[in-house]
Amino acid sequence: MDWQTSEDTVPSAPVTEADARLLGGRPPATGAWRDGDPVGDRHFAAFGSFITEGGNELPGYRLAYETWGELNAARDNAVLVLHALTGDSHVRGPAGPGHPTAGWWDDLVGPGAAIDTDRWFVVAPNMLGGCQGSTGPASIAPDGYEWASRFPYLTIRDQVSAQVRLADALGVDTWAAVIGGSMGGMHALEWAAGSPDRVARVGILSAPPANTADQIALNSVQLQAIEIDPRFQGGEYYDSGAGDGPHRGLALARRMALLNYRSPTELNQRFQRSWQSGVSPLGHGGRFAVESYLDFHGNRFTRRFDANSYIRLVEAMDSHDVGRDRGGIEEALGRVTATALVLGIDSDRLFPIDGQHRIARGIPNTLDGDRAVVIASDFGHDGFLIETQLVAVHLRRLLDA
C-alpha cells in the first residue's frame, strides 16, 4: 500500500509552479486503462468462469501482465513480482503510450540488476480488481456496461487464485521466487502458504501476517472519503464527463493514505513549517508547503487510478489473514516450504516491523533465522521502494540461496 510509481517514490519535495501546471486540466471520471487505449508493453491472458471465496461469479476475467527475460527449457527460472495497492504490471521501462508512469522498480529489475533478467524470466501481473488492464470494476461486463458497483468483493486469496491460473497458462509449475512488497507482500505470503509446492523462494517485503484493526480503521476512513463524494454516485460514474467523476473523494483518500506511507521524520525534515508561496497561511489565505504537496499527489493520482478499484483493492487488503481457516497464523506460516526473505523498514508506521518479525519466526526456512531483515530509513513504509540499493543486496541473497 504505497505510492508505487517511480515519480512518487522519490523523496518528498515541495511542489513547484511547474508541477501545479501539469494538473491544470480536469481529471477524467476514471484513470483506468480502458480497451482501445494504447497497449504498451502489456500482454493479456483470458480465463473462464471464476468463483470468488464469497460465492460470487465472474463469468470470465483477464489479467494484464508484463515479462522480461526468457523462460528456459526447464521452466525453472521464472520469478513472479507482485505490485502493491496502487501499482500495476509496469515494473520497469519508461512512461509512454499505455503507461502513464515509468517502471516502479526500474533499479531492481533488469539486465545485471538484483532481479537479473539475463538470468530470470520475470512476470509481473496487474492484480485482479485492478485498473490497468486486468478485469476490474471499470471493465465491461457481459451486458455491455461497466461492472462498476456490481464488481464482486475479492480477497487476497481470490487474487492469488487468479494468478495461479496465469502461472498454469505460462507453463510455470514452480516459481523460482515470488517477490512482493506491501499488498504484493500479502500475495507473496499467500502464495507460499497456500501453494507451497509451487514456490521455491519467497520475498515478503513490508507486509503483515494479517491486517490489524488499526490498519482496517485507517482504510475505512479512506473508503468513506470516496463514497461520500456526491460525484461517486454509488459507483455508477463512468459516463460522467471530465471533472464530474469522484476525483475529490479519491484524492482525499490518497492524501490520507500518503500520511501512512511516509514517516514523520521525513515530512518534518523536508517541509518543516515552510509556506507554499509568499502568502502567509496564518490567517491570510496561504498554505503550508506540506499541504500543497499532499494536494498535488492526490490530484495526480486521480488521473491514473479508478475509485471503484481503490475500494475493491482496499477491501481485499482488509481480508488479509494468512491464518484464516488454517488454524491460525503460526500454523499457516509453518506450511511454508520456500526459502524466505522477510524484510521490513524500521520507520514503517503502516505495517510496523513487529509484523515482519512474526512472519520470520513462523516460517521454517528463512535467510536470517527468526528475525526479519530491518532496513533503517527515514522514508517509512515506502522505504522498500526508495532504498533500492539496500533492498537489492537482500534480493540478491534470496535469489542466490
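The values are calculated or read from the model by the stated rules, or taken from the named source; none is laboratory data. Quick caveat, the model's predicted, so the values are computed rather than measured. Cβ coordinates were reconstructed from backbone atoms using ideal geometry, including for glycine residues, and neighbour counts include every protein chain displayed. Heavy atoms of the whole protein, side chains included, go into the accessibility calculation; ligands, DNA and RNA do not. Shrake-Rupley method; radii C 1.70, N 1.55, O 1.52, S 1.80 Å.
Write down the radius of gyration of the range 100-183 and its Dmax, each obtained from C-alpha positions, in Å.
Calculated on Cα positions, Rg and Dmax stand at 15.5, 47 Å.
Give the span of the range 311-392's Cα atoms along each principal axis, as three whole-Å numbers ordered largest to smallest.
So the extents along the principal axes, rounded to whole Å, are 37, 36, 18.
What's the percent breakdown of Cα-Cα distances in the range 182-230 across 5 Å bins, shortest bin first?
Result returned by the calculation: 5, 19, 19, 16, 14, 11, 9, 5, 2, 1.
How many nm is it between the label spots at Glu330 and Ala74, if each spot is 7 Å from the Cα in line with the beta carbon?
Modelled inter-label distance: 3.7 nm.
Using only the Cα atoms of the range 66-205, construct the convex hull and provide its projected area averaged over every direction, in square nanometres to one decimal.
8.9 nm²
Leaving ligands, DNA and RNA out of it, rank Ile204, Ile228 by accessible area with a 1.4 Å probe, largest first.
The residues order as Ile228, Ile204, largest area first.
Can you tell me how much longer the chain between Ile216 and Asp346 gets when fully stretched, taken as 0.36 nm per residue apart minus their C-alpha distance, in nm with one decimal?
44.7 nm
Could you report the chain's accessible area per residue, 1.4 Å probe, as an integer in Å²?
38 Å²
What would the Debye equation give as log₁₀ I(q)/I(0) for the range 27-88 at q = 0.27, 0.29 Å⁻¹, counting only Cα atoms as equal point scatterers?
With no solvent term, the Cα-only Debye profile gives -1.21, -1.22.
Post the alpha-carbon centroid distance, the range 117-164 to the range 26-44, in whole angstrom.
Measuring centre to centre over Cα atoms gives 14 Å.
Suppose only helical runs count, i.e. DSSP H with n ≥ 4. What mean residue ellipticity at 222 nm does that imply for the chain under -39500 (n - 2.57) per run, divided by all residues and rounded to the nearest 500 deg cm²/dmol?
For the chain, the value works out to -9500 deg cm²/dmol.
Taking a temperature of 20 °C and a viscosity of 1.002 mPa s, what whole-number D in µm²/s does Stokes-Einstein yield for the chain with Rh from Kirkwood over alpha carbon pairs?
101 µm²/s
So what is the relative contact order of the chain, in percent, for Cα pairs below 8 Å that sit 6 or more residues apart?
21 percent
Length gain on complete extension for the stretch Ala169 to His43, per 0.36 nm per residue less the alpha carbon to alpha carbon distance?
44.1 nm
How high is the relative contact order of the range 307-389, in percent, with contacts defined as C-alpha pairs under 8 Å that are six or more residues apart?
This gives 27 percent for the range 307-389.
Using a 1.4 Å probe on the protein heavy atoms, what percent of the accessible area of the range 310-364 belongs to carbon and sulfur?
42 percent
Long-range amide H contacts for Asp76: which residues qualify at under 5 Å (H placed 1.01 Å from N, peptide plane, sequence gap of 5 or more or a different chain)?
Residues meeting the amide H criterion: none.
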